[in-house]
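Everything below concerns the one structure shown next.
A short reminder: the numbers here are calculations on the coordinates, not readings from a lab. Since we're looking at a predicted model, the values are computed, not measured. As a convention, Cβ positions derive from the backbone with ideal geometry for all residues, glycine included, and neighbour counts pool all protein chains shown.
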Amino acid sequence: MQHWISEYLRAQKSAHDSIPVEAVAAVVGKLRSALQEDRQVFVFGNGGSAANASHFATDLGKGASDKLKKRFRVLCLNDNVSWMTALANDSAYEDVFVGQLQNYARPGDLVLGISVSGNSPNCVKAFAWAKQHGLHTVALVGAKRGRMAEIAEQSIVIADTHFGRVEDAQMTICHLLCYAFMENPDWAG
């Protein structure tokens, strides 16, 4: 068991080491623009990625905003269960995010989708709609990249396919995006 744990941690370090610093900095810049322009930030994912999306929205909407002169307008599309289940039941599960974007999104808003595979039909459909309607799109995906990475304006790819390791690295990215503002409030403007 100790060997397995050591190997897992070695692979986790490798996944974290694959986080592209320049790409994360570019997303921080997109968030800064969204803040300054009073744009809405939407985030979503499935399973563990949904939990990461919700955590990110909390950290950006509360933690980062508490340190700034302005507050982020951030919404996790996973957090309204009754709306998600209504969309899934009355339409299709692939519509649970796009259906909400149709109500809230405006051109120039920012969409952050989190997926290990990059192929979740509900995320792909939301990205396609967002692109067609002039939203900025950022995909956090694993090594397989998937359709989300093809559609997205910007993708951050973790060089691993293991769900746990990719999700951990993606949460690190989410923390970097939030703590960039928490620990550098004067830079945010």
Cα-based Rg of region 125-189 per 2.2 N^0.38 Å, rounded to two decimals? 1.29
Which pairs in the list K13/K69; K13/K125; K62/K131; K13/K70; K62/K144 are over 30 Å apart, alpha-carbon to alpha-carbon? K13/K69; K13/K125; K13/K70; K62/K144
Starting from region 1-82, pick out the trypsin sites (Lys or Arg not before Pro) whose DSSP state is loop and whose Cβ has at most 13 other Cβ atoms within 10 Å. K69, K70
Value of [θ]222 nm, deg cm²/dmol, for the chain, DSSP H segments ≥ 4, -39500 (n - 2.57) each, nearest 500: -16500 deg cm²/dmol
Just want the ordering: D59, D90, from fewest to most Cβ atoms lying within 10 Å of their own Cβ. D90, D59
Please report, to one decimal in angstroms, the Kirkwood hydrodynamic radius of region 22-93 built from all distinct Cα-Cα pairs. 13.3 Å
How fast does the chain diffuse by Stokes-Einstein, in µm²/s, taking the Kirkwood radius from C-alpha pairs at 37 °C and 0.692 mPa s? 197 µm²/s
